[in-house]
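Undergrad: Please read through the structure below; I'll follow up with questions.
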Amino acid sequence: MATGDHGHGHDVATVDPEDLPNGAVVTASGRISAAQPFQEPTKTDVPFTPSQLTRLDEALTMASRETGLLFSLYLGDLGPDPAARASELHDQLENPSDAVLVAVSPDQRHIEVVTGPEARLRLPDRGAKLAVMSMIASFKENDLHGGLLSGLRMLAEQAGPRPRQHPTTAHR
């Protein structure tokens with residue numbers, strides 16, 4: 001990584017893609033988008049190109065921004081009890097009450113969508129099941145990336161837009 005003054009009176013970091021950790025890319029805006037694994041992957045564990053990782057990161061960011069819920073994605077083995085493991089992973093998220101975790105284990109052919117109590121109010125099981133069916137259809141066509149993007153989009157649509165904050169009125 002190098003830094004330099006780009007005429008704006010402050011240092012701007014320039015990142016060499018070779019210096020980035022596995023699963024991280026520099027987006028067109030210059031932001032570093034990084035998959036944050038629950039365990040450190042090896043090069044062969046990441047089934048997506050840098051461009052696909054960027055699109056997944058953008059889909060997660062947009063779903064979270066639009067709904068006000070925290071959307072996360074886990075891709076990997078879920079062990080002998082996938083539902084329990086997905087719940088454990090969900091509980092590790094920053095604010096599990098408002099979080100939605102999509103856990104996919106391709107080798108086990110298993111998908112879990114775990115919602116916290118607040119998220120569940122806006123994303124009922126029926127909505128999550130529709131998104132899962134859409135993902136399964138794409139996965140059957142060997143389109144893991146497209147299935148995840150479609151599923152995230154459907155989950156965000158089912159949850160609806162972020163609730164508006166009502167400004168407090170001043171007493172006169």
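The values are calculated or read from the model by the stated rules, or taken from the named source; none is laboratory data. Owing to the predicted nature of the structure, the values given are computational and were not obtained by experimental measurement. Backbone-built Cβ (ideal geometry, glycine too); neighbour counts: all protein chains shown.
Undergrad: Among the residues of the stretch 91-105, which ones are surrounded by 15 or more Cβ atoms within 10 Å (Cβ to Cβ) and without any contact (Cβ under 8 Å) to a residue 40 or more places away in the chain?
TA: Those that are surrounded by 15 or more Cβ atoms within 10 Å (Cβ to Cβ) and without any contact (Cβ under 8 Å) to a residue 40 or more places away in the chain: LEU93, PRO96, ASP98, ALA99, LEU101, ALA103, SER105.
Undergrad: Take LEU89 and decide whether it is of a type in the set (A, V, I, L, M, F, W, C) and either out of contact with any His (no Cβ under 8 Å at 6 or more places or on another chain) or at pLDDT below 95 (or both).
TA: For LEU89, the condition - of a type in the set (A, V, I, L, M, F, W, C) and either out of contact with any His (no Cβ under 8 Å at 6 or more places or on another chain) or at pLDDT below 95 (or both) - is met.
Undergrad: Out of curiosity, is PRO163 within 12 Å of LEU69 (Cβ to Cβ) and either surrounded by fewer than 15 Cβ atoms within 10 Å (Cβ to Cβ) or not hydrophobic (A, V, I, L, M, F, W, C) (or both)?
TA: Spelling it out, PRO163 is indeed within 12 Å of LEU69 (Cβ to Cβ) and either surrounded by fewer than 15 Cβ atoms within 10 Å (Cβ to Cβ) or not hydrophobic (A, V, I, L, M, F, W, C) (or both).
Undergrad: Considering only the stretch 61-97, how many residues are hydroxyl-bearing (Ser, Thr, Tyr) and more than 15 Å from GLU112 (Cα to Cα)?
TA: So the answer is 4.
To keep it simple, each residue is scored yes or no on (1) under 16 Å from the mean Cα position of the chain (by Cα); (2) over 30 Å from ARG164 (Cβ atoms).
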{"position": "ALA59", "(1), (2)": "yes, no"}
{"position": "ARG85", "(1), (2)": "no, yes"}
{"position": "VAL113", "(1), (2)": "yes, no"}
{"position": "PRO124", "(1), (2)": "no, no"}
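Undergrad: VAL102 passes all but one of (1) touching a Lys or Arg at 6+ places or on another chain (Cβ under 9 Å); (2) within 22 Å of GLY160 (Cβ to Cβ); which number fails?
TA: Condition not satisfied by VAL102: (1).
Undergrad: Given (1) at pLDDT below 95; (2) not in a loop (DSSP other than H, G, I, E, B), where does GLU40 come up short, assuming only one miss?
TA: All conditions are met except number (2).
Undergrad: Let me ask something else about it. Do we find that GLU88 is surrounded by fewer than 19 Cβ atoms within 10 Å (Cβ to Cβ) and in a loop (DSSP other than H, G, I, E, B) in this structure?
TA: No.
A quick yes/no check of all residues on (1) at positive phi; (2) modelled with pLDDT of 95 or more; (3) in a strand (DSSP E or B); (4) in contact with a Pro (Cβ under 7 Å, 6 or more places away or on another chain):
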position: HIS8; (1), (2), (3), (4): no, no, no, no
position: VAL12; (1), (2), (3), (4): no, no, yes, no
position: ASN22; (1), (2), (3), (4): no, no, no, yes
position: VAL102; (1), (2), (3), (4): no, yes, yes, no
position: GLN108; (1), (2), (3), (4): no, no, no, yes
